[in-house]
Amino acid sequence: MSFKRLDPEDFLVSSDSIVNTLWSTDTPTLTTFFTSSTQIASAGTYYYSVYQTGSTLSNAAVQFDISYADSLGSGSVLYNNAVPGVSPTKTIYGQYRSMILEDENSSFTFGKGTNILTGSNFWIINFERARYKQSLFPGSLNLKLSGSGIQSLFLTDDSLDNPVSQFLGSTRVYQLISGSNGTAGTLANSGYVAGSGSYGLVFPDLGTILINPAAVSKSINLSPSRSNNSDGLNNAKLFTAISGGASFTINSQETLTSDYVFVRARNSEFNYSENPSFISGSTGEVIYDAFINAPQVYLTTIGMYNDSNELIAVAKMSRPLLKDFTKEALVRVKLDF
């Protein structure tokens with residue numbers, strides 16, 4: 001065994017972006033959607049969990065959750081009739097305001113430029129955390145919402161139309177627009193709704209989509225109930241629109257960082273071995289005289305040690321590599337974290 005200190009130029013850090021399907025069906029588009037009566041009975045006031053298959057089957061897995069938020073507390077039953085306006089929808093609105101806007105006195109706005117709407121209510125689609133890995137992949141979102149009759153609305157993010165990342169608070173955000181594959185194409189108003197801003201906001205790093213009811217209601221017959229102290233079943237309304245559209249496409253994205261270490265064995269290095277077949281265990285002499293001036297060894301393993309001489313990584317060669325004074329070796333070791 002021989003040791004050699006690595007030089008700074010022997011190290012290289014590389015990052016690769018990996019895009020994959022988000023749904024547990026391993027397909028880009030989810031076309032069937034199911035809810036669980038058990039989940040709705042226990043937590044349906046706050047959110048509906050959506051599965052890729054019938055919830056009574058053992059292989060059903062949550063794909064995303066649907067919620068509804070209202071700054072006035074409308075659309076849900078009050079926690080206490082003696083405290084007006086305090087309900088699940090108001091709690092949910094405050095949750096997302098604190099998490100995204102980072103300011104309890106701010107309000108969500110949909111759109112930009114001269115077409116901006118300050119929204120006091122919105123639907124939320126939250127993707128299951130394990131599904132979207134590091135983030136949603138911008139430009140892969142295609143969601144079809146179905147209204148009454150033959151009305152349909154096709155939504156995507158505006159990542160291709162506006163490739164420079166925008167931020168809301170400290171969170172990356174895109175506008176939700178009518179269009180496909182990250183662009184509004186030649187649609188009027190750049191995929192917005194006149195006087196109502198965009199159709200919502202997409203937060204790829206949070207795995208979250210906020211849907212603006214004011215814009216949606218002008219395009220298809222889909223409006224939340226804003227009655228006071230009454231369950232408006234707004235979670236069910238968005239679920240019906242999504243399941244009726246039967247087409248939800250989204251991919252996940254993650255960045256894998258790899259450390260490459262280049263280990264160089266020059267012609268004069270690593271030509272001898274302490275193996276008993278090479279060195280006599282009793283005398284420490286080379287067993288065969290021919291190996292003194294013309295040794296031959298095989299490189300099989302590379303161990304990496306820190307300055308305390310502690311073994312921290314081991315790299316195995318794919319096959320033994322012959323080494324002598326006439327040969328040099330360059331081995332690239334890849335460390336993934």
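With unit charges on the beta carbon (Lys/Arg positive, Asp/Glu negative), name the residue among 258, 191, 286 whose Cα is farthest towards the positive pole of the charge dipole of region 184-288.
191
Which value at 222 nm does the chain reach when only helices count, each DSSP H run of 4 or more adding -39,500 (n - 2.57), with the total divided by all residues and rounded to the nearest 500 deg cm²/dmol?
-3000 deg cm²/dmol
What does the C-alpha gyration tensor say about the overall shape of region 110-153? Classify as rounded when a/c is under 1.5, otherwise prolate if a/b is larger than b/c, or oblate.
oblate
Take the Cα of residue 99, step 7 Å along the line toward its Cβ, and report every residue of region 112-154 whose backbone nitrogen sits under 11 Å from that point.
Only 124-129 fall inside the zone, counting backbone N under 11 Å.
Could you let me know the centre-to-centre spacing of region 1-51 and region 264-337, using Cα atoms, in angstrom?
40
With θ set to phi - 60° and the Karplus curve 6.51 cos²θ - 1.76 cosθ + 1.60, what are the ³J(HN,Hα) couplings of region 18-34 in order, to the nearest whole Hz, using x for Gly and Pro?
Using θ = phi - 60°, the values come out as 10, 10, 9, 5, 8, 6, 6, 7, 6, 10, x, 10, 9, 10, 10, 9, 9 Hz.
Kindly identify region 95-238 as rounded, prolate or oblate by the Cα gyration tensor criterion: order the square roots of the eigenvalues as a ≥ b ≥ c, call it rounded if a/c is under 1.5, otherwise compare a/b with b/c, prolate if a/b is larger, else oblate.
Details: a/c = 1.31, a/b = 1.07, b/c = 1.22.
It is rounded, given that a/c, with a ≥ b ≥ c, falls under 1.5.
Once you sort the root eigenvalues of the Cα gyration tensor of region 182-227 as a ≥ b ≥ c, which label holds: rounded (a/c under 1.5), prolate (a/b larger than b/c) or oblate (the other case)?
oblate
Could you work out the equivalent-ellipsoid semi-axes for region 193-337, taking the square root of 5 times each eigenvalue of the Cα gyration tensor, largest first, in whole Å?
Numbers: eigenvalues 1025, 48, 34 Å².
Largest first, region 193-337 gives 72, 15, 13 Å.
With a 1.4 Å probe and all protein chains left in place, how much of the accessible area of the chain comes from carbon and sulfur atoms, in whole percent?
51
Mind ordering 88-97, 316-325 by average Cβ neighbours within 10 Å, highest first?
88-97, 316-325
Between residue 258 and residue 194, how many nm apart are label points set 7 Å from Cα along the C-beta direction?
5.3
For the chain, with every protein chain kept in place, what is the accessible area per residue (1.4 Å probe, Å²)?
On a per-residue basis, the chain sits at 52 Å².
Would you list which lysines come within 30 Å of residue 133, measuring only between C-alpha atoms, while excluding same-chain residues fewer than 8 positions from it?
Cross-link targets: 90, 112, 144, 237, 316, 334.
Please list 187-199, 98-110 highest first by mean number of surrounding beta-carbon atoms within 10 Å per residue.
Going from most to least packed, we get 187-199, 98-110.
The values are calculated or read from the model by the stated rules, or taken from the named source; none is laboratory data. Keep in mind that what you see is a predicted model, and the values were worked out from it rather than measured. Heads up, the Cβs are rebuilt from the backbone with ideal geometry, glycines too, and the neighbour counts pull from every protein chain shown. Heavy atoms of the whole protein, side chains included, go into the accessibility calculation; ligands, DNA and RNA do not. Shrake-Rupley method; radii C 1.70, N 1.55, O 1.52, S 1.80 Å.
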